[in-house]
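To keep things clear, I will list the structure first and then write my remarks on it.
The values are calculated or read from the model by the stated rules, or taken from the named source; none is laboratory data. In this text, all values refer to a predicted model and were calculated from it rather than measured experimentally. Because the Cβ atoms are built from the backbone with ideal geometry, glycine has one as well, and the counts that use them run over all protein chains shown.
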Amino acid sequence: MRVTQSMLSSNMLRNLSNSYNKMGKLQEQIATGKKVNRPSDDPVSVMKGLGYRMQVDKVHQFQRNIGEVHNWLDNTDDALDHVGSALHRANELVVSGSTDTMTADDREKLVEELKQLQNQIRDLANTKVGNKYIFSGTKTNTPLFEDGVYQGDDPDNPGFGSTVEIEVFDGVTLDVNTSGEIFKDVDTVFNDIIAGLEDDTINGQEEFDKAIGEIQGSLDSVLAVRADVGARQNRVEMMTERLASLEVTSVKQMSDNEDVDFEKVIIEMITEESIHRAALSVGARIIQPSLVDFLR
């Protein structure tokens, strides 16, 4: 086959164009840090990348959910801690009032402080996380106590005893709320004690011992609820660690699939550039001579 000058020129230009395309692709990878910048570059890697990215996004969403769970449980534990402190103070008051030296004026002051403690506990029952009441079950827009009245027994407001669940992993949900029944029971104890003191029915040591026993029972109930909250917090910590490990694995898989090895790509770029320069040099030597040059 006869090789003409135009064939040499066409081949040289085609090879130079291919070389430019290779260098352009390598330069784009270095600039973006990604192996694949469009689906046509590698459809298989693109499909895998979509799956890996969905997994990473899902892990990040679960981590945000875990943060919300932490928020609910931490605020629940803090509120119950303050309830326990209020009950301890109530116990001190009742114990001090059980002496024979307590006057009517002392009894009145004791009742007033007990009422303040009761109101404080009602305020704690209406603790909010963001704009949600955490002790109101699924009725998160409604306070547990309104005007000093417990709303959980209202048949027109179902949902106070319902469980609030947040998904923290595929198919795994955690209960984040605590029943407001504990506040109802504590409020009832305060009502009984205050009513007894105001009606002068608690006159003997036996009646005061009964009041002390009721307060102690409430303290035990609060401790039991806090123990349950603590157990859930421990589980959340384990889920947090699990999600952190999964995030590292998922991000690594996505990186291995998408991100370039800069050292490798730079070496390829330098190699391709050297080849391109050599092709230009050889092409110039081939194309430069013509028939006219030999006829001079």
query: Does Ala90 satisfy the criteria of being in a helix (DSSP H, G or I), surrounded by 17 or more Cβ atoms within 10 Å (Cβ to Cβ), more than 32 Å from the chain's Cα centre (by Cα) and small (Gly, Ala, Ser)?
result: yes
query: In the range 233-250, what count of residues is obtained for those that are surrounded by 15 or more Cβ atoms within 10 Å (Cβ to Cβ) and either over 15 Å from the mean Cα position of the chain (by Cα) or within 17 Å of Gln61 (Cβ to Cβ) (or both)?
result: 8
- line: Within the range 133-155, residues being touching a helix residue (DSSP H, G or I) at 6+ places or on another chain (Cβ under 9 Å) and either aromatic (Phe, Trp, Tyr) or surrounded by fewer than 17 Cβ atoms within 10 Å (Cβ to Cβ) (or both) number 6
Filter result (assigned to a strand (DSSP E or B) and over 16 Å from Val189 (Cα atoms)) within the range 116-153: Lys128, Val129, Lys132, Tyr133, Glu146
message: Given the criteria crowded, with 16+ Cβ neighbours inside 10 Å, over 22 Å from Leu223 (Cβ atoms) and modelled with pLDDT under 80, does Val36 qualify?
response: yes
- prompt: For residues in the range 154-180 being hydrophobic (A, V, I, L, M, F, W, C) and not in a loop (DSSP other than H, G, I, E, B), which is farthest from Arg226 (Cα to Cα)?
  reply: Phe169
Any chance Val69 is modelled with pLDDT of 90 or more, within 18 Å of the chain's Cα centre (by Cα) and buried (at least 19 other Cβ atoms within 10 Å of the Cβ): yes
- prompt: Which residue pairs have Cβ atoms closer than 6 Å, lie 6 or more positions apart in sequence or on different chains, and pair a first residue in the range 232-249 that is in a helix (DSSP H, G or I) with a second residue that is polar (S, T, N, Q)?
  reply: Leu243/Gln63
- prompt: Exactly one of (1) more than 30 Å from Met239 (Cα to Cα); (2) in contact (Cβ under 8 Å) with a residue 60 or more places away in the chain; (3) crowded, with 21+ Cβ neighbours inside 10 Å is unmet by Asp209. Its number?
  reply: (3)
message: Here is a check on your reading of the model: is Ser255 in contact (Cβ under 8 Å) with a residue 24 or more places away in the chain and among the hydroxyl-bearing types (Ser, Thr, Tyr)?
response: no
- request: For residues that are more than 25 Å from Ser255 (Cα to Cα) and touching a helix residue (DSSP H, G or I) at 6+ places or on another chain (Cβ under 9 Å), scanning just the range 16-33, find the one that is surrounded by the most Cβ atoms within 10 Å (Cβ to Cβ).
  value: Ser19
- prompt: Across the range 1-33, what is the number of residues that are at pLDDT below 75 and part of a loop (DSSP other than H, G, I, E, B)?
  reply: 4
- prompt: Are any of the residues in the range 202-212 part of a helix (DSSP H, G or I) and either closer than 21 Å to Leu80 by Cα or under 17 Å from the mean Cα position of the chain (by Cα) (or both)?
  reply: yes
